[in-house]
Amino acid sequence: MDRDTQQALALAGVLQQLQGVDRLARSGMVEQSTLDTAVHAILATDPPDTLAVFGDLQAVQRGVRLLLAVLDRHQRREHAVPLKYALAVRQVSRRLRQRNDLLNLISERLVDVQRQVDHLSPTHDSVIANLSRLYQDTLSTLDFRIQINGDGRFLQQHATADKIRTLLLAAVRCALLWEQVGGSLWQLMLRRRHLAQAAAQLGRL
């Protein structure tokens, strides 16, 4: 898998999670498969390759389609909210990379989450609540926080808030992955056409 394809996969992961965040914030609903993929990505701490972070290509197809739309100047405005969140997620990921204490805490806590998943299921309420607390204890302590807009009726529900934090945690994990495979905003601007071609190929597989 070449670098453009790896970067396209990582960006698709970021956007898929953030589209889920937006849907939860506005309607209180999100696809079960999006949550499954998010938890899988969070727990993939030592994957053999980029695709292994998501499990398989089908798991991130929603994100691939969104990435293609975002890379298309004519469709970008329709997906302004996930794109805005993506820029905020990048700010968080950059700050997190400088905090070894938080990275170590996340690694330690994910061991407990994995034990939960082994006994329950990836999207069991207790697992999602645990990941939500992990987000609050780590990413929420940084000096830059992601502001989510939506319907207060849903944002005030504990279960919805837990799912949103879980998806945000997964988005940050995918943003870190993107940087690990050579992604940067400068390269994104220079190689937009190549990324679009890679994403289109992923959409055909």
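The values are calculated or read from the model by the stated rules, or taken from the named source; none is laboratory data. Quantities reported herein were computed from a predicted structural model and do not represent experimental measurements. Cβ atoms come from the backbone with ideal geometry, glycine included; neighbour counts cover every protein chain shown.
If you take the residues of the stretch 62-80 that are out of contact with any Lys or Arg (no Cβ under 9 Å at 6 or more places or on another chain) and aliphatic (A, V, I, L, M), which of them is modelled with the lowest pLDDT?
The qualifying residue modelled with the lowest pLDDT is Ala80.
Within the stretch 153-165, count every residue that is without any contact (Cβ under 8 Å) to a residue 40 or more places away in the chain and assigned to a loop (DSSP other than H, G, I, E, B). Steps first, please.
Going residue by residue through the stretch 153-165, those that are without any contact (Cβ under 8 Å) to a residue 40 or more places away in the chain are 156, 158-159, 161-162, 165.
Restricting the remaining residues to those that are assigned to a loop (DSSP other than H, G, I, E, B) gives 156.
Qualifying residue count, the stretch 153-165: 1.
Quick check: anything in the stretch 144-152 free of Cβ contacts under 8 Å to residues at least 12 places away in the same chain, within 18 Å of the chain's Cα centre (by Cα) and surrounded by 15 or more Cβ atoms within 10 Å (Cβ to Cβ)?
no
One line per residue, one yes/no per condition, for (1) under 21 Å from Leu185 (Cβ atoms); (2) modelled with pLDDT of 95 or more; (3) out of contact with any helix residue (DSSP H, G or I) (no Cβ under 6 Å at 6 or more places or on another chain):
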{"residue": "Ser93", "(1), (2), (3)": "yes, yes, no"}
{"residue": "Ser121", "(1), (2), (3)": "no, no, yes"}
{"residue": "Ile128", "(1), (2), (3)": "no, yes, no"}
{"residue": "Ser132", "(1), (2), (3)": "no, yes, no"}
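Looking at Leu96, Leu9, which one is touching a residue at least 60 places away in the same chain (Cβ under 8 Å) and crowded, with 23+ Cβ neighbours inside 10 Å?
Details: Leu96 fails: crowded, with 23+ Cβ neighbours inside 10 Å.
Selected residue: Leu9, the only one of Leu96, Leu9 that is touching a residue at least 60 places away in the same chain (Cβ under 8 Å) and crowded, with 23+ Cβ neighbours inside 10 Å.
Counting only residues that are touching a residue at least 40 places away in the same chain (Cβ under 8 Å) and not in a helix (DSSP H, G or I), which one in the stretch 45-83 is surrounded by the fewest Cβ atoms within 10 Å (Cβ to Cβ)?
Among residues in the stretch 45-83 that are touching a residue at least 40 places away in the same chain (Cβ under 8 Å) and not in a helix (DSSP H, G or I), the one surrounded by the fewest Cβ atoms within 10 Å (Cβ to Cβ) is Asp49.
Does Val117 satisfy the criteria of being over 21 Å from Arg23 (Cα atoms) and part of a helix (DSSP H, G or I)? Step through it out loud before you land on a result.
On the way: over 21 Å from Arg23 (Cα atoms): yes; part of a helix (DSSP H, G or I): yes.
For Val117, the condition - over 21 Å from Arg23 (Cα atoms) and part of a helix (DSSP H, G or I) - is met.
Taking the condition of being surrounded by 14 or more Cβ atoms within 10 Å (Cβ to Cβ) and either more than 18 Å from the chain's Cα centre (by Cα) or within 20 Å of Ala88 (Cβ to Cβ) (or both), how many residues in the stretch 179-191 meet it?
The first filter runs over the stretch 179-191 and keeps only residues surrounded by 14 or more Cβ atoms within 10 Å (Cβ to Cβ), leaving 179, 181, 183, 187-188, 191.
The next check asks that each one be either more than 18 Å from the chain's Cα centre (by Cα) or within 20 Å of Ala88 (Cβ to Cβ) (or both); those that pass are 179, 183, 187-188, 191.
The number of residues fulfilling the criteria is 5.
Which residue, of Gln75, Gln58, Gln114, is over 30 Å from Gln201 (Cα atoms) and either more than 15 Å from the chain's Cα centre (by Cα) or of a type in the set (Lys, Arg) (or both)?
On the way: Gln75 fails: over 30 Å from Gln201 (Cα atoms); Gln58 fails: over 30 Å from Gln201 (Cα atoms).
Only one candidate qualifies: Gln114.
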